Amino acid sequence: YGPGNDIQLIAKEHLKTAWVWDLEENALRFIGNLSYGIVHGILGGLVVWSPDGRYVALPCSDLSEAGSTGQIFVINMETGESRRLTSFVGSSTLPRWSPDGKSIMYVRMPPKYWRYPGITNDVEGADIWVVDIDGSNEKQLTDTPKNWEEGFWSPDGKRIVYASYMGVGETRGIEIWMMNEDGSDKRPLTTITTGFIVRMVWSPDGSKIAVVTWESVEDGIDRDIYVIDMPATEDVKNENHT
């Protein structure tokens with residue numbers, strides 16, 4: 001900060017570049033610079049490929065006038081061009097592609113202190129958002145105060161199952177919910193009262209979902225897998241019209 005705290009000096013760190021290991025050629029191939037060099041870190045190492053293999057989405061820490069924030073970027077693996085999809089002052093992370101590759105679902109968490117947007121607020125919670133890969137049509141899908149939501153697309157892209165952590169920092173359990181891809185018709189499926197969810201995976205036909213949980217015990221970690229039968233889309237429509 002300068003005199004009077006009205007000037008901020010932003011130091012740009014060394015350039016971050018994107019590379020890919022070509023298994024056919026057994027060689028490392030340079031893709032391009034990531035967002036004009038203003039990105040200085042990858043959060044969580046969550047690099048996810050688009051269904052057609054043309055793009056990669058990843059959360060990165062981005063320097064802006066507000067400070068260091070977590071944003072979602074997409075890299076065109078053919079041209080090396082990178083695009084920032086989000087501009088939220090806080091943390092945007094956990095990107096997941098829709099099955100048709102046209103949009104990305106992610107989790108948005110507000111900052112704990114507005115002067116320091118890189119420090120996230122795990123008490124206030126986080127919600128699920130979705131955005132098209134060109135940065136348009138950004139939409140909030142969940143809005144549950146003091147909870148943390150994390151979503152997973154169904155194989156046909158029409159439904160999203162998500163975990164809602166009831167009371168961040170408390171051991172009150174995890175609710176499993178389902179909603180349409182636009183956030184409508186939310187309905188609870190079940191509640192898991194032990195451990196925390198590592199991953200949720202849909203079966204290929206969309207009829208079931210496997211939930212992997214971990215729980216700390218005296219002699220290590222207890223790992224469990226739950227299988228949940230998913231209601232058919234027709235059943236959801238019928239229930240909504242009764």
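Just so you know, all these numbers are worked out from the coordinates, no wet-lab data involved. All values reported here derive from a predicted model rather than from experimental measurement. Cβ atoms come from the backbone with ideal geometry, glycine included; neighbour counts cover every protein chain shown.
Assorted remarks:
- Protection proxy ranking, peptides 216-227, 89-100, 192-203, average beta carbon neighbours within 10 Å, highest first: 89-100, 192-203, 216-227
- Distance between the modelled labels on Ser136 and Phe30, one decimal in nanometres: 3.4 nm (7 Å Cα→Cβ projection).
- Burial ranking of peptide ranges 124-135, 73-84 (average Cβ count within 10 Å, highest at the top): 124-135, 73-84
- Pairs exceeding 19 Å between alpha-carbon atoms, taken from Lys158/Lys186; Lys146/Lys208; Lys102/Lys146; Lys102/Lys186; Lys186/Lys208: Lys146/Lys208; Lys102/Lys146; Lys102/Lys186.
- Inter-label distance for Ile225 and Asp185, nm, one decimal - labels placed 7 Å from Cα along Cα-to-Cβ: 2.9
- Label point distance in nm, Lys158-Ser216, each placed 7 Å from Cα along Cα→Cβ: 4.3
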